[in-house]
1. Residue under question is LYS114, and the condition is that it be surrounded by fewer than 22 Cβ atoms within 10 Å (Cβ to Cβ), in contact (Cβ under 8 Å) with a residue 24 or more places away in the chain and more than 15 Å from the chain's Cα centre (by Cα); does it hold?
2. Does any residue of the stretch 124-136 turn out to be buried (at least 19 other Cβ atoms within 10 Å of the Cβ), closer than 19 Å to ALA23 by Cβ and among the aliphatic types (A, V, I, L, M)?
3. May I ask you to verify whether GLY149 is over 22 Å from ASP63 (Cβ atoms) and more than 13 Å from the chain's Cα centre (by Cα)?
4. Every residue in the stretch 47-62 that is part of a helix (DSSP H, G or I), farther than 23 Å from TYR94 by Cα and either in contact (Cβ under 8 Å) with a residue 12 or more places away in the chain or in contact with a Phe, Trp or Tyr (Cβ under 6 Å, 6 or more places away or on another chain) (or both), please.
5. Which one of LEU108, LEU87, LEU65, LEU70 is without any contact (Cβ under 8 Å) to a residue 24 or more places away in the chain and either surrounded by 14 or more Cβ atoms within 10 Å (Cβ to Cβ) or among the aliphatic types (A, V, I, L, M) (or both)?
Amino acid sequence: MLSLFKRFFAITLLCFTTLSASAYDDETLILYSKIIPRIVLMSSQKDRLKENIELCIVNDKIDELIGLTLTNKLRDTYPNGINNHPLKLTNTTYSTIDKCQNTQLIFLFSSTDKNIEKALQYAHDHTAMTMSYDPQYLTNGVDASLFLGRKVTPYLNLKALRKNGIEVDNLLIRISKIYLNEGEK
């Protein structure tokens, strides 16, 4: 009977720790919250600003809480906006990405390749910059991510930026790690 109780306890503990685990790190979300608006201001997207910096956070339905967490961190980091530009934040899923219509930057959380491709096409059609939590999506054509090494640096896909007609400041290029496709290395 005691053995059965131990097994039940172990399985229950495993289930709860697995369910509460997240593929997203809170400290990394804080870093993104500090950098996302600055990326907009260091690119040609700043020319599209009317009053607000409009950011769209896109995630799968299962990651909705993570998307809201990033939104809250952005609000906490820039409660009054940045450089006299309030932040206008939109959270949505890949299936309702059309809510991102007037944004300067679309931030992508992990999803299927089909959803990432759909989001990239949407961003291209609406001249929005893309940034992803996962740098692996630079291979799909995402414009930017973060390189988390000994120091944190922006990670830019210059080929994707050029394709989308987005220019970035020379300072941003100098402080960034540049993504190169396999054939470009």
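Bear in mind these aren't lab numbers, they're just calculated from the coordinates by the rules spelled out. Just so it is clear, the structure is predicted and the values come from calculations on it, not from any experiment. Ideal geometry is used to build each Cβ from the backbone, glycine not excepted, and the neighbour counts take in all protein chains shown.
1. On the way: surrounded by fewer than 22 Cβ atoms within 10 Å (Cβ to Cβ): yes; in contact (Cβ under 8 Å) with a residue 24 or more places away in the chain: no; more than 15 Å from the chain's Cα centre (by Cα): yes.
Taking the combined requirement at face value, the residue does not satisfy it.
2. yes
3. Criteria met by GLY149.
4. Taking the stretch 47-62 and keeping what is part of a helix (DSSP H, G or I), we get 47-48, 61-62.
Checking which are farther than 23 Å from TYR94 by Cα leaves us with 47-48.
ARG48, the sole residue that qualifies.
5. Values: LEU108 fails: without any contact (Cβ under 8 Å) to a residue 24 or more places away in the chain; LEU87 fails: without any contact (Cβ under 8 Å) to a residue 24 or more places away in the chain; LEU70 fails: without any contact (Cβ under 8 Å) to a residue 24 or more places away in the chain.
That would be LEU65, the only listed residue that is without any contact (Cβ under 8 Å) to a residue 24 or more places away in the chain and either surrounded by 14 or more Cβ atoms within 10 Å (Cβ to Cβ) or among the aliphatic types (A, V, I, L, M) (or both).
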